[in-house]
Each structure stands twice: as structure tokens, then as C-alpha cells.
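What follows is a short report on a single structure.
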Amino acid sequence: MKFYNCMLLLSLVLCVGAQYSFFDAGSFLVEAFEGAGDMWRAYTDMREANYKNSDKYFHARGNYDAAQRGSGGAWAAKVISDAREALQGGSSGSGAEDSRLDQEANDWGRSGKDPNHYRPEGLPSKY
């Protein structure tokens with residue numbers, strides 16, 4: 001009888017633990033999805049603004065907005081930023097130096113620092 005009680009208790013503990021982790025995974029995925037949306041919004045705003053020397057601001061802003069959603073958003077921002085830089089390689093701007101500066105802006109935003117640090121003077125307030 002004690003054995004069955006112990007097994008029942010253990011099963012309940014494992015089920016509750018698994019259910020809690022399942023909900024955590026669900027919120028992580030929601031945060032990641034919404035964070036990817038934040039990154040896309042920053043990208044489309046950057047393309048729309050077409051404003052000289054504003055790319056670092058939009059990098060920082062997209063990463064900042066995504067990371068504010070939680071660990072899932074921060075993860076999505078890192079994956080997207082790293083993939084973008086890897087795909088771009090040295091094909092735009094001044095190559096490796098531009099990529100390094102982009103990653104610096106990405107890290108700045110993801111760490112919760114104000115993306116306006118990179119905001120160029122004269123960029124419309126819409127952004």
C-alpha cells in the first residue's frame with residue numbers, strides 16, 4: 001500500500017512539474033513569436049524611413065522591443081540578428097566593421113539599454 005501511495009504522489013509531482021514546464025514553454029514560444037514581430041517591424045520601419053545612418057538605431061530598437069517581451073523575445077532577437085549578420089557577411093556597408101557595429105547595437109538593445117542612443121539627429125518622430 002505504501003508503495004502505491006508513493007507512486008501516486010510521485011506521479012502527481014511529475015505531472016504538475018511537467019505541466020508547469022509545458023506552460024513555460026508555451027509562453028517562451030509566444031514571446032519568441034512576438035519578438036520576431038518586433039524585429040520585423042523595426043526592419044520595415046528602417047526600409048520605410050530610408051534615413052541615412054539610421055540602421056544602428058533600428059537594430060537596437062528591434063532587439064530592445066523583442067527583449068522586453070521576455071526570454072523568448074530576447075532569444076528570437078539574438079537568433080534573427082546573428083542570422084542576418086551571418087547571411088550578410090561583408091556584402092554591405094564596410095564589411096566586417098559594419099557587422100561588428102550592427103552586433104554592438106543589437107546587444108545594446110537586447111540588454112535593455114535605450115535604443116535612442118543610436119538615434120540619428122533628424123529621424124522623424126514616427127520612428
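The values are calculated or read from the model by the stated rules, or taken from the named source; none is laboratory data. Everything numeric here is computed off the predicted structure, so don't read it as measured data. In this analysis, Cβ positions are derived from the backbone assuming ideal geometry, glycine residues included, and neighbour counts consider all displayed protein chains. Surface accessibility is based on the protein's heavy atoms, side chains included, excluding ligands, DNA and RNA. Shrake-Rupley method; radii C 1.70, N 1.55, O 1.52, S 1.80 Å.
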Filter result for residue 37 (in a loop (DSSP other than H, G, I, E, B) and either more than 9 Å from the chain's Cα centre (by Cα) or surrounded by fewer than 12 Cβ atoms within 10 Å (Cβ to Cβ) (or both)): no
Answer residue from region 91-123, given it is open to solvent by 60 Å² or more (accessible area, probe 1.4 Å), assigned to a loop (DSSP other than H, G, I, E, B) and at pLDDT 95 or above and is nearest to residue 29 (Cα to Cα) among those: 111
All positions within region 80-90 that are hydrophobic (A, V, I, L, M, F, W, C) and open to solvent by 70 Å² or more (accessible area, probe 1.4 Å): 86, 87
